[in-house]
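Report on the following structure.
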Amino acid sequence: MNRLYNALQLKRLYQLKQLGFRYVPLVEKRPSTEPSLPHDLKALEQIVSQCQLCGLSKTRTKTVFGEGNPYTDIMFVGEGPGAQEDATGRPFVGRAGELLTKMIENVLEVPRESVYIANIVKCRPPKNRVPTPEEAYTCIPYLKKQIELVQPHIIVALGATAYHYLTGDKTGITKVRGELIDMGSYQLIPTYHPSYLLRNPSAKKEVYQDLLKIKRLLCEN
Ligand code: URA
């Protein structure tokens, strides 16, 4: 009986395929925020610290929730914690973090503590690999809730992973960097990730231009 049912379902799927329907992974269709998450950053951080929803929880030392001014106008979103972040539980504290801090303090001319910094995934991917779609989609409700609570006017997506998972768009970062994207409740501006800049210092001039644009936007707000 089960086999007959499965065969009929398969036939129906082939018919739909012939009509032009395409398979879209269900995981991408999840609601942007989980209704059950608390409406409070401290309580949310507590939940994240105990999260075991994906495999990254098995290899992490500490979760890296994010930090900064919850009343800020501007949020920076990276990809995921590296070794130093995993050891300390703080975002962007390694070499890439030092560069990000300089970008914020020397170009935007605001203290690092005055902005909010978070990542797409809250646990370190082993060997600093890019998070898998499953890991990213499992974790992103936490970030979406942080965005909802902090209510920044501007979000800077640091690198392709942050851009991709915040927008759903797979266009390469080189094409989109520096563009201002209206996300409804905030403006998104993608730029290169500081780790990329450490490997490709010549790209710093483009990021400098992006930061000047952000600085102008902050002044308008
Ligand atoms: N790279 C990231 O994307 N995030 C961090 O927190 C550190 C390095």
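No lab work stands behind these numbers, since they all come straight from the coordinates. The shown structure was predicted, so the numbers you read here are calculated from the model rather than taken from an experiment. Positions of Cβ are backbone-derived with ideal geometry, glycine not excepted, and every protein chain shown enters the neighbour counts.
For this structure, a couple of remarks:
- Restricting the first member to the range 190-208 and to residues that are touching a residue at least 12 places away in the same chain (Cβ under 8 Å), and the second to residues that are among the basic types (Lys, Arg), the beta-carbon pairs closer than 7 Å and six or more apart or on different chains are Pro190/Arg177; Thr191/Arg177; Tyr192/Arg177; Leu197/Lys204; Leu198/Arg95; Glu206/Arg177.
- Residue in the range 174-185 that is of a type outside the set (D, E, K, R) and in contact (Cβ under 8 Å) with a residue 60 or more places away in the chain present: no
- Here is the figure for the range 124-149: residues that are in contact (Cβ under 8 Å) with a residue 60 or more places away in the chain and among the polar types (S, T, N, Q) total 2.
- Within the range 146-155, the presence of at least one residue that is away from the ligand (no atom under 12 Å from the Cβ), outside any loop (DSSP other than H, G, I, E, B) and more than 20 Å from Phe65 (Cβ to Cβ) is confirmed.
- Odd one out for Lys127 among (1) of a type outside the set (Ser, Thr, Tyr); (2) surrounded by fewer than 15 Cβ atoms within 10 Å (Cβ to Cβ); (3) near the ligand (Cβ under 10 Å from one of its atoms): (3)
- Helices (runs of 4 or more DSSP H) contained in the range 34-142 and holding at least 1 residues under 17 Å from the mean Cα position of the chain (by Cα) and charged (D, E, K, R): 41-49, 83-88
- For the range 80-123, filtering for residues that are within 18 Å of Ser49 (Cα to Cα) and acidic (Asp, Glu) leaves 2.
- Checked against the criterion of being near the ligand (Cβ under 8 Å from one of its atoms) and touching a residue at least 40 places away in the same chain (Cβ under 8 Å), the candidates Ile117, Ile74 yield just one match: Ile117.
- Across the range 186-212, the number of residues qualifying as in a helix (DSSP H, G or I) and in contact with a strand residue (DSSP E or B) (Cβ under 7 Å, 6 or more places away or on another chain) comes to 3.
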